[in-house]
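Quick notes on the structure that follows.
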Amino acid sequence: MIITDIETIPLRIPFRAGTKSDASAWGDSNLPAADSLLVRVTTDQGLVGWGEAFGFRAVASAKLAIDQLITPLCIGQPATRIEPLMLDVQRKLHVFGRGGALAFGISAVDIALWDIAGKAANAPLCQLLGGGAAGLDCYASLVRYSEPSLVRAAVRQAIEAGFGTLKLHEIELSAIRAAREEAGSNIELTLDVNCPWSLNEARSIAKELKPINLKWLEEPLWPPENFDGLAELRKSSGIPIATGENVYTLMDFERLLAARAVDFVQPSPAKMGGLSELRKIFPLAAIHNVPVMPHSFYDGPGLLVAIHATAALGTADSMIEWRWFDLEATIYGEALRTKGGRISVPQGPGLGIDPDPDVIRAYRWK
Ligand SMILES: [Mg+2]
């Protein structure tokens, strides 16, 4: 089975009218839409696989990386030799960097090839990985609202939808405290601040955060690869630390874990190399007694591949990040929904669900 075509499909799905988010954490003061990048890989036997690259403002550059650099290395190659092909792509392109848009593009193609492998075997990906849980706990990953009353409303809605664990992307203590007050003490809260502080700054802020009783504090330090700083903060603050969405290679994950920098490790399948790389992180993390909590701030194949990998390879405490976005549409629509804070692992072949063609038609941007 030979790869005959790789199509890149950028989508722009706006937030529902009348809703408010403040996504300054991702480089926009106000986020009007969520951009994603899908890839569609076609084979000479007619099988089609879907992948996803990390999106937002990186969509155009990831698209260029796929179209100009990755696709020419994949066309004409056997679709079922995934790891050797992806390794070959990594080796041929390593001089252009081991992370960023290029890695997002490699991730997307890798995920699509795994989707094809599952379809060829007529089995869901979790079966190809050894089988596993039929359903998984999710946590609701909220956008940043900043204004305490909006934070409260979002927290309330997520709890009413059945989530027992929520992730905040707030920076201001007033907003974080409002979330804890609204949630009460039985709901688990995590806080993702996206790499703002030096170790000294983080140390003093951690004293304020300690009484809020976070399940974890995510990416507290600048730069993200300050693993020794994270280890130091973890020890001195007594607050569990999570990171990993900006770590790209197996060797860097080993460095992160060996530095004892984290309580939860968060590889991001649509950033760090797709399923071929993600599946290596589970045994590595197990050696270090650290649960894997995949970063899946997406709603396409990147999310589905995190679900399949976690179902097959995760531990009892692994959870799925479910983006709590108020968008006009999602890539899988009603076919992929949480219920009572849990998600069923799709049992169709490959990723289990294909993107909704009506959503692609309506939200594709050129
Ligand atoms: Mg994060």
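Quickly run through the stretch 213-272 and pick out the residues that are within 20 Å of the chain's Cα centre (by Cα) and on the phi > 0 side of the Ramachandran plot.
Correct list: 219, 244.
Using the structure shown, decide if residue 140 is of a type in the set (Gly, Ala, Ser) and within 16 Å of the ligand (Cβ to nearest atom).
Against the criterion (of a type in the set (Gly, Ala, Ser) and within 16 Å of the ligand (Cβ to nearest atom)), residue 140 qualifies.
For every residue, the table says whether it meets (1) among the polar types (S, T, N, Q); (2) at pLDDT 95 or above; (3) surrounded by 24 or more Cβ atoms within 10 Å (Cβ to Cβ); (4) not assigned by TED's automatic domain parsing to the domain that holds residue 252.
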| position | (1), (2), (3), (4) |
| --- | --- |
| 288 | no, yes, no, no |
| 296 | yes, yes, yes, no |
| 305 | no, yes, yes, no |
| 311 | no, yes, yes, no |
| 314 | no, yes, no, no |
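Residue under question is residue 170, and the condition is that it be of a type in the set (D, E, K, R), within 22 Å of the chain's Cα centre (by Cα) and in a loop (DSSP other than H, G, I, E, B); does it hold?
Considered against the rule, which asks whether it is of a type in the set (D, E, K, R), within 22 Å of the chain's Cα centre (by Cα) and in a loop (DSSP other than H, G, I, E, B), residue 170 comes out as yes.
Within the stretch 129-149, count every residue that is of a type outside the set (Asp, Glu) and buried (at least 18 other Cβ atoms within 10 Å of the Cβ). Can you show your working first?
Of the stretch 129-149, the ones of a type outside the set (Asp, Glu) are 129-136, 138-146, 148-149.
Of the ones still in play, those that are also buried (at least 18 other Cβ atoms within 10 Å of the Cβ) are 129, 136, 138-145, 148.
So the answer is 11.
Looking only at the stretch 261-312, count how many residues are more than 13 Å from the ligand (Cβ to nearest atom) and of a type outside the set (A, V, I, L, M, F, W, C).
Total satisfying the criteria: 18.
Go through 364, 337 for me and flag whichever is more than 16 Å from the ligand (Cβ to nearest atom), surrounded by fewer than 19 Cβ atoms within 10 Å (Cβ to Cβ) and within 25 Å of residue 192 (Cα to Cα). Full working, then the answer.
Details: 364 fails: within 25 Å of residue 192 (Cα to Cα).
Only one candidate qualifies: 337.
Counting only residues that are crowded, with 17+ Cβ neighbours inside 10 Å, within 16 Å of residue 203 (Cα to Cα) and away from the ligand (no atom under 16 Å from the Cβ), how many does the stretch 234-254 have?
Count: 2.
Filter the stretch 304-313 for residues that are of a type in the set (A, V, I, L, M) and either in contact (Cβ under 8 Å) with a residue 40 or more places away in the chain or not in a helix (DSSP H, G or I) (or both) and give the result. Working first, answer last.
The initial filter retains those residues of the stretch 304-313 that are of a type in the set (A, V, I, L, M), namely 304-307, 309, 311-313.
Passing the criteria: 304, 305, 307, 309, 311, 312, 313.
For the stretch 128-138, check the following and say yes or no: at least one residue is in a helix (DSSP H, G or I) and modelled with pLDDT of 95 or more.
yes
Could you say whether any residue in the stretch 157-164 is touching a Leu at 6+ places or on another chain (Cβ under 7 Å) and under 18 Å from residue 256 (Cα atoms)?
Initially, the stretch 157-164 is screened for residues touching a Leu at 6+ places or on another chain (Cβ under 7 Å), giving 158.
From what's left, under 18 Å from residue 256 (Cα atoms): none.
Checked the stretch 157-164: no residue is touching a Leu at 6+ places or on another chain (Cβ under 7 Å) and under 18 Å from residue 256 (Cα atoms).
Taking into account only those residues within the stretch 340-361 that are among the aliphatic types (A, V, I, L, M) and closer than 18 Å to residue 123 by Cα, which is surrounded by the fewest Cβ atoms within 10 Å (Cβ to Cβ)? Reasoning before the result, please.
Initial filter on the stretch 340-361 (among the aliphatic types (A, V, I, L, M)): 343, 345, 351, 353, 359-360.
Narrowing further to those that are closer than 18 Å to residue 123 by Cα: 345, 351, 353.
Numbers: 345: 21, 351: 31, 353: 19.
Among them, the one singled out is 353.
For the list (1) within 22 Å of the chain's Cα centre (by Cα); (2) away from the ligand (no atom under 16 Å from the Cβ), I need the number of the one condition that residue 150 fails.
(1)
Give me the helices (runs of 4 or more DSSP H) completely within the stretch 194-302, filtered to those with at least 1 residues that are in contact (Cβ under 8 Å) with a residue 24 or more places away in the chain and closer than 25 Å to residue 94 by Cβ, ordered by residue number.
227-237, 250-258, 274-287
For residue 203, are the conditions met, namely being more than 16 Å from the ligand (Cβ to nearest atom) and crowded, with 20+ Cβ neighbours inside 10 Å?
In short, no.
With respect to residue 208, is the statement that it is within 16 Å of the ligand (Cβ to nearest atom) and out of contact with any strand residue (DSSP E or B) (no Cβ under 9 Å at 6 or more places or on another chain) true?
On the way: within 16 Å of the ligand (Cβ to nearest atom): no; out of contact with any strand residue (DSSP E or B) (no Cβ under 9 Å at 6 or more places or on another chain): yes.
It is false that residue 208 is within 16 Å of the ligand (Cβ to nearest atom) and out of contact with any strand residue (DSSP E or B) (no Cβ under 9 Å at 6 or more places or on another chain).
Yes or no: residue 175 in the same structural domain as residue 240 (by TED's automatic domain parsing), more than 16 Å from the ligand (Cβ to nearest atom) and touching an Asp or Glu at 6+ places or on another chain (Cβ under 8 Å)?
Yes; evaluated as a whole, the condition is true for this residue.
Go through (1) surrounded by fewer than 24 Cβ atoms within 10 Å (Cβ to Cβ); (2) within 14 Å of the ligand (Cβ to nearest atom); (3) part of a loop (DSSP other than H, G, I, E, B) for residue 323 and report which single condition fails.
Only one criterion in (1) surrounded by fewer than 24 Cβ atoms within 10 Å (Cβ to Cβ); (2) within 14 Å of the ligand (Cβ to nearest atom); (3) part of a loop (DSSP other than H, G, I, E, B) is unmet by residue 323, namely (3).
Looking for whichever is more than 27 Å from residue 188 (Cβ to Cβ) and either free of Cβ contacts under 8 Å to residues at least 12 places away in the same chain or of a type in the set (S, T, N, Q) (or both) here; the options are 149, 141, 107. Which one fits? Full working, then the answer.
Working: 149 fails: more than 27 Å from residue 188 (Cβ to Cβ); 141 fails: more than 27 Å from residue 188 (Cβ to Cβ).
Only one candidate passes the filter, namely 107.
The values are calculated or read from the model by the stated rules, or taken from the named source; none is laboratory data. Just so it is clear, the model here is predicted, and its values are computed rather than measured. Please note: Cβ atoms are built from the backbone with ideal geometry, for glycine as well, and neighbour counts cover all protein chains shown.
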